[in-house]
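The values are calculated or read from the model by the stated rules, or taken from the named source; none is laboratory data. Everything quoted here is computed from the prediction, not taken from an experiment. Backbone-built Cβ (ideal geometry, glycine too); neighbour counts: all protein chains shown.
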Amino acid sequence: MRVRRLIRDTAAAQRIKQLHGGECQLCGLRLLGPDGRPYCEGAHIRPLGKPHHGPDVEPNILCLCPNCHVRLDMGAVTLDDGGNVIPRAPLSDVRLLPQLTMREGHYVHPDYLRYHREYWERQGRETR
Ligand SMILES: [Zn+2]
């Protein structure tokens, strides 16, 4: 499987990361570096660039740990419109939250969740 990932730390992504205090919205992990600062990534739900052309706006961004970012980008996890987590691959020893962690001031738009979910549902059908 080839997965194209574009990680850009834009102002919008930085704000979302800060708002969540570095805590992963999918698994709750707060990955700390030796300096005591959390490491997390701003993940675009509808990806930036071709062929998705997702916007770089806060309702399209999640604060995720690196593993969950990869899970989102390769469709190993999707979400329903209400932010309920739908695993699509074996999780081994990882425990994901039942629902996306929401914080005041960060509205996640259901349209982007739906785009992501339906894209990966289509992919699943095409490869079978
Ligand atoms: Zn995570």
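Could you list all residues from the stretch 56-66 that are within 16 Å of the ligand (Cβ to nearest atom) and crowded, with 17+ Cβ neighbours inside 10 Å? Talk me through it step by step, then tell me what you get.
Step one: list which residues in the stretch 56-66 are within 16 Å of the ligand (Cβ to nearest atom), which gives 61-66.
Correct list: Ile61, Leu62, Cys63, Leu64, Cys65.
When residues in the stretch 37-55 are screened for being closer than 23 Å to Gln123 by Cβ and away from the ligand (no atom under 16 Å from the Cβ), 10 of them pass. All conditions in (1) touching a residue at least 40 places away in the same chain (Cβ under 8 Å); (2) hydrophobic (A, V, I, L, M, F, W, C); (3) in contact with a Pro (Cβ under 8 Å, 6 or more places away or on another chain) hold for Leu31, with the sole exception of (1). Say whether the condition of being surrounded by fewer than 19 Cβ atoms within 10 Å (Cβ to Cβ), out of contact with any Gly (no Cβ under 8 Å at 6 or more places or on another chain), in a helix (DSSP H, G or I) and modelled with pLDDT of 95 or more is met by at least one residue in the stretch 37-54. No. When Arg117, Arg71 are screened for being buried (at least 17 other Cβ atoms within 10 Å of the Cβ) and within 14 Å of the ligand (Cβ to nearest atom), only Arg71 passes.
Identify all residues within the stretch 23-36 that are part of a strand (DSSP E or B) and either within 8 Å of the ligand (Cβ to nearest atom) or over 16 Å from the mean Cα position of the chain (by Cα) (or both); write none if there are none. Let's see the steps before the verdict.
So the first thing to find is which residues in the stretch 23-36 are part of a strand (DSSP E or B), and the list is 31-32.
Residue satisfying the conditions is Leu32 alone.
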